Amino acid sequence: MTQQRDIVVAMTGASGTMYALRLVQTLLAANRSLHLIVSDAARQVAVQEHDTDLPRTGADADGWASAVRAVMASERAREWGFGENSLELKGSVQTPGLKDFSSGAASGSYLTDGMVICPCSLGTLAAVSSGQSSNLIHRAADVHLKERRKLILVPRETPLGLIALENMTRVTQAGAVVLPAMPGFYHQPRSIADLVDFVTGRICDQLSVPHTLFQRWSEPE
């Protein structure tokens, strides 16, 4: 059996904090170890969308599990269709700072099973496309591209301008997967939670992490 390695998860300042929190919850429930990097803009969006302060740099899995559970138990999340959640969060978390280039994620010699930027702002997309390494998120993305490892970008923006489209083409040509936060409807969603779970599940598919977040095409009920 192949040994599981860490997964790098980065949150940036696009709308869609719930996608990231649901992804973190799902990966921890799958007993995966995470390097979790959060930008300052992502923290601002979390306050705007969920009235919550995300755990600070250095927080462990318990801190993130508590934060995720608090959001999932909120009135807004219940209105969206997230019910009582009994998932046991068994994984581990490292939370390096945005400028902590001593983190393993900054080096190609540190082996991982991939990286997800969720949500991915168009500014972060541009930085990855142009090879910038002005912070740990950009550097870790550059590492995954140069090492030919899985890099998944989850933009949430509309409409898309020419510059963003060209940047998406460029990172795709470099080896990244552009996975926009575009939920499907063939699984007949009944709630916002179903739509969030569809996107989260598609990210997990790219990471080869098993899940049961949605019913697949032609899969029997």
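The numbers here are math on the coordinates, done by the rules we state, and not lab data. Predicted model only: the values in this text are computed from it and were never measured. Neighbour counts are summed over all protein chains in view; Cβ atoms, including those assigned to glycine, are modelled from backbone coordinates with ideal geometry.
Ordering Ser107, Leu125, Gly184 by Cα displacement along the dipole of the chain toward the positive end leaves Ser107 in first place; charges were set at the Cβ atoms of Lys, Arg (+1) and Asp, Glu (-1).
The fraction of Cα-Cα pairs per 5 angstrom bin, counted from 0 for segment 6-206, comes to 1, 8, 17, 21, 22, 16, 9, 5, 1, 0 percent, rounded to whole percents. Per-residue ellipticity at 222 nm, computed for the chain from helices alone with -39500 (n - 2.57) per DSSP H run of at least four residues, works out to -12000 deg cm²/dmol. Specify the inter-centroid distance of segment 151-221 and segment 23-85, based on alpha-carbon positions, in whole Å. Cα centroid of segment 151-221 versus Cα centroid of segment 23-85: 19 Å apart. Remark: relative contact order (the chain) = 23 percent; criterion is Cα-Cα distance under 8 angstrom and separation of 6 or more residues. Dipole magnitude for segment 6-206: computed about the Cα centre from +1 point charges on Lys and Arg Cβ and -1 point charges on Asp and Glu Cβ, it is near 420 debye.
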